[in-house]
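As structure tokens, the structure follows; a few thoughts come after it.
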């Protein structure tokens, strides 16, 4: 009897591998013709671990980071290989067989996998790769919903995971104006905001700030000319997040996805304090448990954000006191027919929550003022906002829109955008 024992690398034809390297060459050639902005956030991402992942919402620049890192790691000399998990190559070939081929037949040392969540059974194969091929490093990107612990393949101790967000206002200015601008801390914000604002050499900064709130959070907007093109692209991205990413990761069918989209639109169309999980469940005629889960999916996917009372217990964590769109660009993309003054307050609060949470700084609901951050109370409004709601608070500040330089206790709102 003759046994036909087939090793992994024999399963992949050499011409198919050559096609992958050729696709990489074409992608890199096009990528290098575009301007590249090195974000400070990139400095916090290292390849010290055997497997590293970068996660985030669609459009925040994960592919850009992977491609730049691959080039720096020798992709042009085939020391690294960039692939997308939705490449037709993976319809007939397994990820682990690709790694086996690279290990035995090439000098490639790092494999970059874009959108790994689109590859079936990626957790098991990644675990097997880690255990079997220690000399091949893996760097992947994926949905912000990726959970390394969920399921029987616990990758939490095997994978270093980093989260990438959209542009801060400071990054937006650097990207579009070609300037180098300083980051500030929360302490700087309340102790030195006068001198910081006076030293910023940015003509018409409020115009730039309004543009940022409207079309500045996502790096990919650079490729479009008209605002309507940017909004349509963002709306398409939202649809793909719900009907592809959430659907795939949680194996959900269309009726449930339609309900999740309805929840998202409720949050876009309501004031932040009007909604909670109980109200939404009652309005939609659904049980609280299901609505809580669907809201969690939207939050994990980078479409909405939660605000809780300080020192809240588990019950509160399932029913946030305020809900916001993830970023202000989402509001503009959905509210084109509405007057600006109807949504200005919501846009301002969304901006503050977005920038502070992106810095991993805890921010809570405050009964006196809008938010409590560290030991400070922030009240948010326009240039004529008074201290009426925070007069009794010692360490309270107004974050005022439509001003360039503040005064005692009044900080220009746009400076929140210089935290990262």
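The values are calculated or read from the model by the stated rules, or taken from the named source; none is laboratory data. The structure presented is a predicted model; accordingly, all values stated were derived computationally and were not measured. Cβ sites come from the backbone with ideal geometry, for glycine too, and all protein chains shown count toward neighbours.
Here is how the numbers come out for the structure above:
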item: In the range 394-403, the residues that are free of Cβ contacts under 8 Å to residues at least 40 places away in the same chain and in a strand (DSSP E or B); result: 396, 398, 400
item: Among (1) surrounded by fewer than 21 Cβ atoms within 10 Å (Cβ to Cβ); (2) touching a residue at least 40 places away in the same chain (Cβ under 8 Å); (3) part of a helix (DSSP H, G or I), the one test that residue 48 misses; result: (3)
item: Pick from the range 161-181, criterion assigned to a loop (DSSP other than H, G, I, E, B) and out of contact with any helix residue (DSSP H, G or I) (no Cβ under 7 Å at 6 or more places or on another chain), ranking: surrounded by the most Cβ atoms within 10 Å (Cβ to Cβ); result: 166
item: Test: residue in the range 374-387 that is touching a helix residue (DSSP H, G or I) at 6+ places or on another chain (Cβ under 7 Å), in the same structural domain as residue 357 (by TED's automatic domain parsing) and under 15 Å from residue 209 (Cα atoms); result: no
item: Residue list for the range 116-151, filter: in contact with a strand residue (DSSP E or B) (Cβ under 6 Å, 6 or more places away or on another chain) and under 28 Å from residue 305 (Cβ atoms); result: 116, 117, 139, 140, 141, 142, 144, 146, 148
item: Which numbered condition residue 83 misses (of (1) under 25 Å from residue 101 (Cβ atoms); (2) modelled with pLDDT of 90 or more; (3) assigned to a helix (DSSP H, G or I)); result: (3)
item: Some residue of the range 12-30 being under 29 Å from residue 220 (Cα atoms) and modelled with pLDDT under 95; result: no
item: Elements of type helices (runs of 4 or more DSSP H) contained in the range 261-371, each with 1 or more residues being within 19 Å of residue 217 (Cα to Cα) and modelled with pLDDT under 90; result: 328-334, 340-358
item: Selection status of residue 115, touching a helix residue (DSSP H, G or I) at 6+ places or on another chain (Cβ under 9 Å) and over 30 Å from residue 210 (Cα atoms); result: yes
item: Residue check, residue 69 in a helix (DSSP H, G or I), at pLDDT below 95 and in contact with a strand residue (DSSP E or B) (Cβ under 8 Å, 6 or more places away or on another chain); result: no
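Table: residues versus (1) touching a residue at least 60 places away in the same chain (Cβ under 8 Å); (2) out of contact with any strand residue (DSSP E or B) (no Cβ under 6 Å at 6 or more places or on another chain); (3) within 21 Å of residue 235 (Cα to Cα).
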position: 361; (1), (2), (3): yes, yes, no
position: 378; (1), (2), (3): no, no, no
position: 383; (1), (2), (3): no, no, no
position: 392; (1), (2), (3): no, yes, no
position: 405; (1), (2), (3): yes, yes, no
position: 409; (1), (2), (3): no, no, no
